[in-house]
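Following: one structure in structure tokens, then a few remarks.
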Amino acid sequence: MTTTLPHRIAASAAVSGALAAVLCGCAGADGGASPEPASPSSAAGSAAASPAGDGATASPAPEGPSEAAGGTDLDACADADCEVRIEEGDEIPMGGTQGMDRLVVEAADQEQVSFTAYGPGIMMSSSMGAPFDEESALYLNDVAIRVVEAGADHAVVRLSLE
């Protein structure tokens with residue numbers, strides 16, 4: 001079968017056009033450039049705007065600071081399974097979990113969270129600086145502490161055993 005030059009050009013143009021449409025459809029409005037790290041407020045807005053079925057759990061964007069699952073009930077963290085709002089100076093009773101009697105919040109703001117753990121014959125400290133994300137954690141023995149939200153004078157943290 002012999003094709004003529006005009007047919008080859010037309011076929012090539014059609015394939016090129018289809019390929020361009022597919023590639024452009026995948027790029028964002030910025031032409032596919034890498035996104036800047038999201039701020040906490042834009043991350044919340046992005047989560048709310050996620051289409052259903054993309055695997056992400058979307059929830060409405062909060063009007064103000066998020067409500068910690070445990071609120072400010074520091075006693076809820078005695079088993080190292082909680083989400084709580086903390087401020088500098090707070091003491092979280094640990095009830096001997098992982099050899100710690102209590103965690104003292106040394107700093108809790110947009111720049112840093114810092115804890116000192118006390119137990120029988122031990123004292124240890126750990127800090128984490130901004131930027132905070134759900135993947136990062138600081139560890140005191142097997143207790144992981146993740147920053148869920150950070151404000152000017154507080155942080156919401158999630159404790160878990162790992």
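Report yes if some residue within region 138-149 is small (Gly, Ala, Ser) and assigned to a strand (DSSP E or B); otherwise report no.
Yes, region 138-149 contains at least one residue that is small (Gly, Ala, Ser) and assigned to a strand (DSSP E or B).
Within region 116-124, does at least one residue satisfy the condition of being touching a Lys or Arg at 6+ places or on another chain (Cβ under 6 Å), surrounded by fewer than 19 Cβ atoms within 10 Å (Cβ to Cβ) and free of Cβ contacts under 8 Å to residues at least 24 places away in the same chain?
Within region 116-124, one or more residues are touching a Lys or Arg at 6+ places or on another chain (Cβ under 6 Å), surrounded by fewer than 19 Cβ atoms within 10 Å (Cβ to Cβ) and free of Cβ contacts under 8 Å to residues at least 24 places away in the same chain.
For region 51-72, check the following and say yes or no: at least one residue is exposed (fewer than 14 other Cβ atoms within 10 Å of the Cβ), at pLDDT 60 or above and in contact with a Gly (Cβ under 9 Å, 6 or more places away or on another chain).
Looking through region 51-72, none of the residues is exposed (fewer than 14 other Cβ atoms within 10 Å of the Cβ), at pLDDT 60 or above and in contact with a Gly (Cβ under 9 Å, 6 or more places away or on another chain).
Would you mind finding the one in 99, 121, 129 that is at positive phi, in contact with a strand residue (DSSP E or B) (Cβ under 8 Å, 6 or more places away or on another chain) and among the small types (Gly, Ala, Ser)?
Sole residue among the options that is at positive phi, in contact with a strand residue (DSSP E or B) (Cβ under 8 Å, 6 or more places away or on another chain) and among the small types (Gly, Ala, Ser): 99.
With the checklist (1) assigned to a strand (DSSP E or B); (2) surrounded by fewer than 17 Cβ atoms within 10 Å (Cβ to Cβ) in hand, flag the one item residue 98 doesn't pass.
Result: residue 98 passes all but (1).
Give region 76-127 a look and list any residue that's among the small types (Gly, Ala, Ser) and out of contact with any Gly (no Cβ under 6 Å at 6 or more places or on another chain), or say none.
80, 89, 95, 96, 107, 108, 114, 117, 121, 125, 126, 127
Which ones in region 150-162 are surrounded by fewer than 19 Cβ atoms within 10 Å (Cβ to Cβ) and assigned to a loop (DSSP other than H, G, I, E, B)?
Matches in region 150-162: 151, 152, 153, 162.
Restricted to region 101-137, and to residues that are charged (D, E, K, R) and assigned to a strand (DSSP E or B), which residue is nearest to residue 74 (Cα to Cα)?
102
If a residue must be in contact (Cβ under 8 Å) with a residue 40 or more places away in the chain, over 20 Å from residue 81 (Cβ atoms) and out of contact with any helix residue (DSSP H, G or I) (no Cβ under 9 Å at 6 or more places or on another chain), how many such residues does region 125-150 contain?
Here the count works out to 1.
The values are calculated or read from the model by the stated rules, or taken from the named source; none is laboratory data. Note that the structure is a prediction, hence the values are computed from the model and not measured. All Cβ positions, even for glycine, are placed from backbone atoms using ideal geometry, and neighbour counts span all protein chains on display.
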